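The values are calculated or read from the model by the stated rules, or taken from the named source; none is laboratory data. What you see is a predicted model, and the numbers here were worked out from it, not measured in a lab. A quick note on method: Cβ atoms are made from the backbone with ideal geometry, for glycine too, and the neighbour counts reach across all protein chains shown. Just the protein is used for accessible areas: all its heavy atoms, side chains included, with ligands, DNA and RNA removed. Shrake-Rupley method; radii C 1.70, N 1.55, O 1.52, S 1.80 Å.
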Amino acid sequence: MKYQNCADATQAPDEIHNADQDPRLADANINTGTGLPTDYLNRFNEAVMLLEVLSSCPEFRADFMAWKPMSYREHFQASHFTTRHLAIAAYDGADPNVRGTLDTLAVMMTVVLEATRAAMDADRRPETIAALAENAAEWLKPLIARAGAIINGEPVGDSAPTPQAIVDKLMKR
């Protein structure tokens, strides 16, 4: 898997020391409590939408197969989000537990998507693709919802959940 958080990426020029007191964040649709925007989740929501239509519109398979993983920073560096540098700076200044939880969820969603793409590439029968797409979409939805809750300020506790804890919860173990 090629996904990485790119923690050593170039820092944005604007530093955010106290997100709660920075009026630029609210103007940029960045949660002032966490310093994170939900815009990053669009990457995963778009993939879910493609997965959901694959059984009835197999012509979207190529669009889904073209999906590429991106870290938070990579997403904003490549986006047309007008305040992308502010979003990156706010992310860098966010609580490490919040950031870690979001990053863990993003890695888990990326793993599901990459595994689904690999399986679809190996078996191209329409019924297999439809089943893979349906399962992946159902696994991703709670992860996206949890990531949105974290971005919007739901407490994360003392530490980010491990990938295994997320998988266990997803598989209802």
(Q) Taking the conditions exactly as written (assigned to a helix (DSSP H, G or I), modelled with pLDDT of 90 or more and either under 30 Å from ALA137 (Cβ atoms) or open to solvent by less than 20 Å² (accessible area, probe 1.4 Å) (or both)), does LEU36 satisfy them or not? (A) no
Q: Test ILE129 against the stated conditions and say whether it is open to solvent by less than 10 Å² (accessible area, probe 1.4 Å), in a helix (DSSP H, G or I) and either under 29 Å from ARG24 (Cβ atoms) or touching a helix residue (DSSP H, G or I) at 6+ places or on another chain (Cβ under 8 Å) (or both).
A: no
Q.
Within the stretch 57-73, does at least one residue satisfy the condition of being of a type outside the set (Gly, Ala, Ser), crowded, with 21+ Cβ neighbours inside 10 Å and modelled with pLDDT of 95 or more?
A. yes
Q | Tally of residues being open to solvent by 10 Å² or more (accessible area, probe 1.4 Å) and of a type outside the set (S, T, N, Q) across the stretch 74-93 | A | 10
Q: Could you list, in sequence order, all residues of the stretch 39-56 that are open to solvent by 70 Å² or more (accessible area, probe 1.4 Å) and farther than 15 Å from LEU113 by Cα?
A: SER55, SER56
Q | Hits in the stretch 52-78 - residues which are in contact (Cβ under 8 Å) with a residue 24 or more places away in the chain and over 17 Å from ALA130 (Cβ atoms) | A | TRP67, PRO69, MET70, SER71, TYR72, ARG73, GLU74, HIS75, PHE76, GLN77
**Q.** Residues that are open to solvent by 50 Å² or more (accessible area, probe 1.4 Å) and small (Gly, Ala, Ser), drawn from the stretch 94-117
**A.** ALA115
